[in-house]
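Worksheet for the structure shown next.
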Amino acid sequence: MADDEAVTTGIADDDEVMTGIGQATMLLHGGDREEARNRFHALWERIGTDGDPLHRCTLAHYMADAQDDPDAELAWDLRALTAAGALGGDPGEERPALRDTTAALRALYPSLHLNLAADYLGLRRPDDARAHLDRARAASAALGDDGYGAGVRAAIDRLDRRLRESGA
């Protein structure tokens, strides 16, 4: 497929967005939070609020981790959950291109709710934290028996202990 054809079909654009998210995430994990935020923001502007929900969900999920302000982190985590909701629904009614993302999305929901629970705990909103932690635990049934699943389950348990220790 020619480069021009790939761009017009959206294939190259999709690959470029996911590659950009991955590169910014590497910067974030490498400690360059400011540059990661700058790149995430540029990608957000590129895909827009009406862009591909999987791109918006993934980008917002990582952008939240790049925030220094707890309220900004919460806002990005809420954007990620909203974008994930745009991907959900009745599998029989999904767009064909989204069918492949259904399993990955189900595996992402526990992490999305876990992040929101942590955000709310940090903002001293324990009732909201507990509600999202309960959703994370319920959604964790979709996780595989692999390192990712074990890590998310362990994080849910750790946050649950923190909530109980705080009296929530």
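The values are calculated or read from the model by the stated rules, or taken from the named source; none is laboratory data. Keep in mind it's a predicted model, so treat the numbers as computed, not measured. Here Cβ is always computed from backbone atoms with ideal geometry, including for glycine, and neighbour counts include all displayed protein chains. For the accessible areas, the whole protein counts, side chains as well, though only heavy atoms, and no ligand, DNA or RNA atoms are used. Shrake-Rupley method; radii C 1.70, N 1.55, O 1.52, S 1.80 Å.
Odds and ends about this structure:
- The apolar share of the surface of segment 100-150, taken as the fraction of accessible area on carbon and sulfur atoms (1.4 Å probe, ligands and nucleic acids excluded), comes to 51 percent.
- Pairwise label distance in nanometres, Arg161 with His41, each label 7 Å out on the Cα-Cβ vector: 3.8 nm
- Summed side-chain charge close to Ala60 - residues other than Ala60 whose Cβ falls under 9 Å, Lys, Arg +1, Asp, Glu -1: +1
- For the pair Ala131 and Asp15, a Förster radius of 30 Å applied to the C-beta separation gives a FRET efficiency near 0.25, rounded to the nearest 0.05.
- Computing FRET efficiency as 1/(1 + (r/R0)^6) for Asp68 and Ala138, where r is the C-beta to C-beta distance and R0 is 30 Å, gives about 0.45.
- Computed over protein heavy atoms with a 1.4 Å probe, the carbon and sulfur contribution to the accessible area of segment 21-79 reaches 47%.
- Set of segment 110-124 residues, backbone N closer than 20 Å to the point 7 Å along the Cα-Cβ line of Ala150: 110-111
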